[in-house]
Every structure is written in structure tokens, then in C-alpha cells.
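The values are calculated or read from the model by the stated rules, or taken from the named source; none is laboratory data. Predicted model only: the values in this text are computed from it and were never measured. Methodologically, a virtual Cβ is constructed for each residue, glycine included, from the backbone with ideal geometry; neighbour enumeration extends over all protein chains shown. When the accessible area is computed, the model is the full protein with side chains, heavy atoms only, and any ligands, DNA or RNA have been set aside. Shrake-Rupley method; radii C 1.70, N 1.55, O 1.52, S 1.80 Å.
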Amino acid sequence: MDHALAVVGPTETTKTLTLEAGELAAGVDADLTLLYVADEDKYDEQRKQLAEVTRGNSTYSVGQAVEGARAYASDIGREVLEDVDIEYEAVGTVGDRAETVLSEARRRGCDHVFIAGRKRSPTGKALFGDDTQRVILEADVPVTVVTE
């Protein structure tokens, strides 16, 4: 592994995954990119709500959302990787999660992707969500998945 991409998020599962990715990358002296993908539909909803509240006197640009996503990835890195001897790049974007993870991994030359899945069944059977499944199926590199 020369360059890993870890998809970060607010759950304990993604934080654990980020820590594992950081420790593995540090152990083999690999580069690490932390990626947070803000959902495009949620961004549109927040933008519309802000426009309604401010009667159109304020905007929430894609650039602001991207910067917020990058800052969030950076915050997760500081929180989770403070005791790991590794430097990382924090990246944020707005868009389709699976598509963005795949394109960022390719664009940055990542040779390993770390992503969290989710349990969807009330009986506890772990089923991969559509985004995670798509990353697994379409990635040209190894993908490590941890479920909740």
C-alpha cells in the first residue's frame, strides 16, 4: 500500500475505520487521504432552507459546502489520528458518495480504499448499502469495509 483513501464520517464505526487506516498507512509509510462526501441532496435542501429563512439575502454556495466538508474531514483526522504518527490530507466534496469515492481514489492514485458499510436488517444481518456495494464492485483496488 502506497496511498490509502479513508472515507470519514460521524459514526464510531467510521472513526474506528479511520484509525485503522491511519495505523496501517503509518506502518507501511503510505500516504493517507481522508475524504468526507457531503450528500448533494442534503446540500440542496440546506441551501433552500437558508434562502427561505433569509428571504434570499444569504447564499450557501457549493464552495462553502466543500470547505465545510474538508474542515469536517480535518476535524475527524485530528480527533482520531492524534496518537498516530502520520500526516494526512483532508478532502471534502459535495456529490454522490460512491461516485466521488471512486473518482477521488483514481484521481489521487490510491491503491487501497477504506469505507464503512451499514447494517440495514433489523435481525442484525449485515447488508452493504448501495454506495458501499458500488465501491466494492467498481474499485480497481482493494477495499476494506467495516460495518456498524
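Ranked highest first by the average count of other Cβ atoms within 10 Å around their residues, in what order do 110-116, 45-51, 12-18, 35-41 fall?
Working: 110-116: 23.6, 45-51: 13.3, 12-18: 18.1, 35-41: 20.1.
Packing order, densest peptide first, comes out as 110-116, 35-41, 12-18, 45-51.
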task = Determine the gain in length on full extension of the stretch ASP39-VAL141; use 0.36 nm per residue of separation and subtract their C-alpha separation, reporting nm with one decimal.
result = 34.3 nm
task = Please report, to one decimal in angstroms, the Kirkwood hydrodynamic radius of the chain built from all distinct Cα-Cα pairs.
result = 16.0 Å
query = So how much slack lies between SER103 and VAL53, counting 0.36 nm per residue of separation and subtracting their Cα-Cα distance, in nm?
reply = 14.5 nm
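Give me the 1.4 Å probe accessible area per residue for the chain, excluding ligands and nucleic acids, in Å².
Here the per-residue accessible area is 58 Å².
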task = Pop out the carbon and sulfur fraction of the accessible area of the stretch 1-122 as a percent, whole number, probe 1.4 Å.
result = 43 percent
